[in-house]
Amino acid sequence: MTELLLPLAALPFPQIDPVIVQIGPLAIHWYGLGYVIGILFAWWYSRRLISNDRLWAGGSAPMTHEDIDDFLLWAAAGVVLGGRIGYILFYDLARYIERPAEILAVWQGGMSFHGGLAGVTIAMILFARRRGFSPWSLFDVIAASAPVGFGLVRVTNFINSELWGRPTDVPWAFVFPNGGPEPRHPSQLYEALLEGLALFIVLRLLTHSGFKLKQPGFVAGAMVAWYGAARIFVEFFREPDAHIGYLAGGWLTTGMVLSLPMVLLGVWAMLRAKRAAEATR
């Protein structure tokens, strides 16, 4: 087995500079660009969803284009603040207590999906209440629009040579520049496919073929459950952060622990949406 894990068995890692362009102290990173494109796509796609009256119960969406436009800033703040705070609390609290100045260095990486999800969920609840409509439909619209951003950010994790996988002898393994001499699973790309492309297709089918936007909360539940299950699956191939390691048994990781409640919550949301729709018939 050791011979199979030699670097010669791996694919060459693409030499892509994490910095797209730098002008003086200003640097544009692929990582940051992934977030920006993901948020802008979600804004555009959300507007498309609420424009399609046939997707909604009663023939129209409960929110307007102006609501989506105004929520864009709320969403960005929820994703960035929640993602950063979540990473600090869940993954590397000791480091940031020791070096608090690095808390603001978001361009260096260090964002938690679970924290970002919590942050944007709080933003959606507050925004919907302020505008006077139920947050469930806003959950659905944002959930259906988000997977493209998920996928793009995972691709940038690959470009940055971070969050790589465990050693393996599969023919598509890579030797990451900072991952030691062993070929490793490109777990970032697994996540990009499962949490990005595949999830977007599933949610698109639910909204446009299953008409699940007519059951407020179902699409959001499906997104959360799928993401949680996909993340648990990929964690079996992903190397845990060195400063955290495995929580138990040489296989249980922090990502698994944080994702299991997502699966349960997502299933509950789908069942709740289905029961609510049946009760109104």
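Scanning segment 207-219 for residues that are in a helix (DSSP H, G or I) and either within 10 Å of V267 (Cα to Cα) or without any contact (Cβ under 8 Å) to a residue 40 or more places away in the chain (or both) yields one hit, F218.
Of the residues D140, D169, the single one that is open to solvent by less than 10 Å² (accessible area, probe 1.4 Å) and among the charged types (D, E, K, R) is D140.
Apart from one condition, R184 fits all of (1) within 19 Å of the chain's Cα centre (by Cα); (2) at pLDDT 90 or above; (3) crowded, with 22+ Cβ neighbours inside 10 Å; the exception is (1).
Does segment 206-221 contain at least one residue that is more than 14 Å from the chain's Cα centre (by Cα) and of a type in the set (D, E, K, R)? Yes: segment 206-221 contains one or more residues that are more than 14 Å from the chain's Cα centre (by Cα) and of a type in the set (D, E, K, R). For segment 268-279, the criterion of being out of contact with any Lys or Arg (no Cβ under 8 Å at 6 or more places or on another chain) and either outside any helix (DSSP H, G or I) or hydroxyl-bearing (S, T, Y) (or both) is satisfied by no residue at all. Being in contact with a Lys or Arg (Cβ under 7 Å, 6 or more places away or on another chain) and closer than 28 Å to L138 by Cα, is that true of even one residue in segment 85-107? Scanning segment 85-107 turns up at least one residue that is in contact with a Lys or Arg (Cβ under 7 Å, 6 or more places away or on another chain) and closer than 28 Å to L138 by Cα.
Within this structure, L152 fails the test of being under 30 Å from F211 (Cβ atoms), of a type in the set (A, V, I, L, M) and open to solvent by less than 40 Å² (accessible area, probe 1.4 Å).
The values are calculated or read from the model by the stated rules, or taken from the named source; none is laboratory data. A quick note: this is a predicted structure, and the numbers were derived from the prediction, not measured. In this analysis, Cβ positions are derived from the backbone assuming ideal geometry, glycine residues included, and neighbour counts consider all displayed protein chains. SASA here: full protein model, heavy atoms, side chains in, ligands and nucleic acids out. Shrake-Rupley method; radii C 1.70, N 1.55, O 1.52, S 1.80 Å.
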